[in-house]
Amino acid sequence: MKPDLLKTLKKKILVCDGAMGTQLQAHGLGPGEPPDLWNIAHPQVIRQIHRSYLDAGADIILTNTFGASRFKLAYFDLEERTAEINMAAARLARAEAGEEHFVFGDIGPTGRLVAPLGPDPLENFYQVFKEQAQALAEGGVDAIIIETMLALDEAKAAVLAVKENIRLPLIALMKFEKGRTSDDYHTVMGVSIPQAIKDLAQAGADILGSNCVSGVNTATAIIKRMRPLTDKPLMAEPNAGVPRLISGETIYDEGPDEMEAGIDDLIAAGANIIGGCCGTTPEHIQRIVRRVQEYQTNI
Ligand SMILES: [Zn+2]
C-alpha cells in the first residue's frame, strides 16, 4: 500500500516531476491548442511524458490538468467536458504511476479576476474548483495541488473548495517575483509571502510553497522566507531560469547542471518537495533526484 504523503514528508524529501507544457510542445502541441484535451486526444503521449519523469526518479507526478477548470476550458468551448477531461487525466497518471508513486491532481488559475474586477463572484470560482477537484479525486489522485496562483481571493477559494469537499492532502503554491527595487517578493497581484502563508494555511492547505519562479536560487530565497512562518511542509518548483523570447520561441536557460548546483541550498532553506516548473525536463529532475538522494544518505 502507498505510504501516507504527510507522514512520508516527516521522514524524507520527495521529488516531483518537471514541466508538462514544454514536453507537450516537444511532442507537437501547437500554439493555441488546449493541452488538457491531449489527455483524451493523445493519451499515449501523456503517459509517455509521465513515464519519462518516473524513469528520471520522480516520486510524484502531476496530472495534465493545469488548464482544465471549467473557466479555462471555456476558452476552447470545452467546458462541458470538464469532468471527463479531469477524470481521464487522473486515470492516465495513475496508470503510469502505479501504487508506488504519488499522483497530484493539478489545478491552475482560471485566468479570470474575481468580481468586481471580473464578471464572476467568488462563489462561482469556488464551484469551478470544486468541480475540477472532485473529478480529479474520482479519477484516483492522491492529493490536489493548486499552483501558480497570483490572486489571494482566487487561491483561497480554491483551497476552501478542495478542503470542504474532498478528503485528500492539499498543496497550495503561489508564484512570487522579486520586486524591482526591494528585496521583497510578491505575486503580480501584490500578495506578499507572509500574507499567502497565513491565509492559505488558515483556509486549510496542508503543504505550502511556490512554483513558476525564475530559477532555483529564486526558489531558495522564497523558501527561506517561508520557513520561519510555518511548520507545514514546503514545496518548490522553480522554472529553468528566466524565460527569454528568441525569434518567437521561449527559451529557458537554466540547464540541469545549474539547477543541480542550487539544490543543496534549496534543501537547506527548508524545502520538503522539490520539482520543476516551466522549461524543466526529465534531465533536470534526474539531477534533482541525485542531489536529494545524496543529501538523504548523508543525514
Ligand atoms: Zn511555470
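We did not get these values from a lab; they are worked out from the coordinates using the rules stated. Remember, it's a predicted structure, so these values are computed and weren't measured experimentally. Cβ coordinates were reconstructed from backbone atoms using ideal geometry, including for glycine residues, and neighbour counts include every protein chain displayed.
Over the chain, consider all pairs of different Cα atoms and compute the Kirkwood hydrodynamic radius from their mean reciprocal separation; express it in Å, one decimal.
Value: 18.9 Å, from the Cα pair sum.
Can you give the FRET efficiency for residue 11 and residue 164, using 1/(1 + (r/R0)^6), R0 = 35 Å, r = Cβ-Cβ distance, to the nearest 0.05?
0.75
Express the relative contact order of region 5-298 as a whole percentage, based on alpha carbon pairs under 8 Å and six or more residues apart in sequence.
It rounds to 19 percent for region 5-298.
Using the structure shown, list the pairs from 11/198; 175/224; 2/224; 7/232; 163/198 with a Cα-Cα distance above 19 Å, or answer none.
11/198; 2/224
Return the distance in nm (one decimal) between the two label points of a simple spin-label model at residue 42 and residue 299, each offset 7 Å from Cα along Cα→Cβ.
Modelled inter-label distance: 3.8 nm.
Under a point-charge model restricted to the Cβ atoms of Lys and Arg (+1) and Asp and Glu (-1), what is the dipole moment magnitude of region 5-298 relative to its Cα centre, in debye to the nearest 20?
Approximately 660 debye in magnitude.
Using packing as a proxy for protection, rank 162-171, 204-213 so that the peptide with the highest average count of other Cβ atoms within 10 Å comes first.
204-213, 162-171
Would you calculate, for the chain, the mean residue ellipticity at 222 nm contributed by helices, counting each DSSP H stretch of 4 or more residues as -39,500 (n - 2.57) and dividing by all residues, to the nearest 500?
Calculated at 222 nm, the ellipticity per residue is -13500 deg cm²/dmol.
When DSSP beta bridges are limited to those with both residues in the chain, what percentage is antiparallel, rounded to the nearest 5?
Of all bridge pairs located within the chain, approximately 20 percent are antiparallel.
Sorting 110, 63 on the 10 Å Cβ count, fewest up front, what's the list?
In order of increasing Cβ crowding within 10 Å: 110, 63.
For a quick check: sort 232, 10, 156 by the number of other beta carbons within 10 angstrom, fewest at the front.
So the ranking, lowest neighbour count to highest, is 10, 232, 156.
Just the projected area, averaged over all directions, of the convex hull on the alpha carbon atoms of region 13-95: how many nm²?
So the Cα hull casts an average projection of 5.4 nm².
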